[in-house]
Amino acid sequence: MENFKPIKDIYAFEKLMPFKVKNILLIASLYDSFLLADDETLNESFFSNNPENEVKDRPKILRAKSQEEALAFSDKNKFDLIISMIQVGESNMDFLVSQLKEKSKNTPIVFLSFNIQDIMNISEHVKENASGIFLWQGDTRIFSAIINLIEDSKNFEHDSGFGVQSVLLVEDNIKFYSIYLPVIYSELMKQTQIVMSDELNPVKKNLRLKARPKIILKNDFESAMSLYSKYKENILGVITDVEYPKDNKSDSMAGIALAEYIKKDNPDMPVLIQSSNSAYQYHANRIGASFVNKNSSDLSKQIRHFIQRYFGFGDFIFSDEYGQEIAKATDLNSMIKILKNIPASSIIYHASRNHFSKWLFARTEFEIAYNLRPKKISEFKDAEEIRKYLLETLHQFIYKTQLGSVLK
């Protein structure tokens, strides 16, 4: 990766996430505010998925119950994010959006609705100026997902240069991405916290949590392809719908075409195809992708399982050439211990699939992961030479990390 700036010191994680949402304007009528939650519950839901947000660093939420109050607040305050219900009393949403953009040109405006019909009725002007449109389905985690998504979209280009990873979500159906985002963020936060559980220093732990994987949402084939082509080294996996715009028109096979391209380019990239039509499972099997039916009663559970199994979180499971488990590493030290005696065939199995680097990326060990990933097994004489290289690299990294901690 040409512009990669490896993080060689835990305190360099301070450079990550330069954009943070600190002040939020929430525009909702009194009735909608009541339906959403009271202030205490809403504050909790906004930050339930944000372990890196300590109480003192949490954004401030200012509520406006009308168009007039929202504009008055925007005259006196600077906001990092505006979240508005699509219906706010008798407000003219075109006028409100125009005024807000005039006062705060670069502030993202996100719209939330209780029903799809209201979303279908919004004007093109509102759609063009929206940084996102979401459907409220009773899951208060949608608020923290919106904040994370906005922060991720603004920080990813910067953070990717340091090795931070991402999940590419391609979905144009508002109902489904409003379901997926809280689920995916919750699982990523949970797995990242588990990975960091061995870090006893709370300051270092919070710094490393800033390197959690981002989620990048795309709604069409071209933007998804563009992002994959540019950031393929920073993608843990892809979750894609089947039907969405391609060449400026709806394409019933767009997701299959995207998945097929990605799997040909990188056979080891985890890809999950999701559709309401089970017939597409044939195509998923054909190209080596996973599949989930959107109508499944346990849809969220299946998505969580996919993340846990394929994104490199949790223990490193050593397998033989047939995929059968033979050993398990919980951290770098146990990885070294097992590598010394694991069969050569297992080393070849994992090295040829970039499993070692993926596991290290998920643990935010970016420098060592980038040292390992470019290496091909064809560069080594045999499995024993690969074993030696892995052990030396891991030992050097642990030594340097411990030395840095002592010097600090």
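Which length gain, in nm to one decimal place, applies between ARG58 and ASN77 when the Cα-Cα distance is subtracted from 0.36 nm times their residue separation?
Values: separation 19, 0.36 × 19 = 6.84 nm, distance 1.70 nm.
5.1 nm is the gain from fully extending ARG58 to ASN77.
Would you mind calculating the gained length between ASN92 and ILE338 on full extension (0.36 nm times residue separation, minus the Cα-Cα distance), in nm to one decimal? Don't jump to the answer; show the numbers that get you there.
On the way: separation 246, 0.36 × 246 = 88.56 nm, distance 6.47 nm.
Stretched fully, the ASN92-ILE338 segment lengthens by 82.1 nm.
When the Cα centres of segment 310-338 and segment 70-92 are compared, how far apart do they sit, in Å?
50
Taking all pairs of different Cα atoms in segment 298-408, averaging 1/r and flipping that mean, what Kirkwood radius in angstroms comes out? Kindly include the intermediate steps, with their values, before the conclusion.
On the way: mean 1/r = 0.0671 Å⁻¹.
Final number for the Kirkwood radius of segment 298-408 is 14.9 Å.
Sort 227-237, 177-187 by the packing proxy (mean of other Cβ within 10 Å over each peptide's residues), most packed first. Can you show the working numbers first?
On the way: 227-237: 18.2, 177-187: 22.5.
Packing proxy ranking, top to bottom: 177-187, 227-237.
Return the calculated 222 nm mean residue ellipticity for the chain, to the nearest 500 deg cm²/dmol, obtained by summing -39500 (n - 2.57) across DSSP H runs with n ≥ 4 and dividing by the residue count.
Numbers: 18 runs with 197 residues, N = 408.
Helix-only estimate at 222 nm: -14500 deg cm²/dmol.
Between GLU385 and SER229, how many nm apart are label points set 7 Å from Cα along the C-beta direction?
3.6
Which residues among segment 55-94 fall inside the zone where the amide N is under 13 Å from a point 7 Å beyond the Cα of LYS22, along Cα→Cβ?
It comes to 57-60, 78-81, nothing else.
Take the Cβ-Cβ distance between GLN117 and LYS328 as r, set R0 to 41 Å, and report the resulting FRET efficiency rounded to the nearest 0.05.
The computed FRET efficiency comes out at 0.20.
Quick check on packing: order 329-341, 163-175 by the mean number of other C-beta atoms within 10 Å, highest mean leading.
Details: 329-341: 14.6, 163-175: 21.6.
Order by mean packing, descending: 163-175, 329-341.
In vacuo Debye scattering of segment 207-268, one point per C-alpha: log10 I(q)/I(0) at q = 0.15, 0.17, 0.30 Å⁻¹?
-0.48, -0.60, -1.41
Which order do the peptides 366-376, 70-80 come out in when sorted by mean C-beta neighbours inside 10 angstrom, highest first? It would help to have the intermediate numbers written out before the result.
Numbers: 366-376: 17.7, 70-80: 15.8.
Ranking the peptides 366-376, 70-80 by packing returns 366-376, 70-80.
Expressed in whole Å with the largest first, what are the equivalent ellipsoid semi-axes of segment 78-233 derived from the C-alpha gyration tensor as the square root of 5 times each eigenvalue?
Details: eigenvalues 180, 60, 53 Å².
Taking √(5λ) for each eigenvalue gives 30, 17, 16 Å, largest first.
Each value in this text was obtained by applying a stated rule to the coordinates, not by laboratory testing. Predicted, not measured: the structure shown is a model, and the values here were computed from it. Neighbour counts are summed over all protein chains in view; Cβ atoms, including those assigned to glycine, are modelled from backbone coordinates with ideal geometry.
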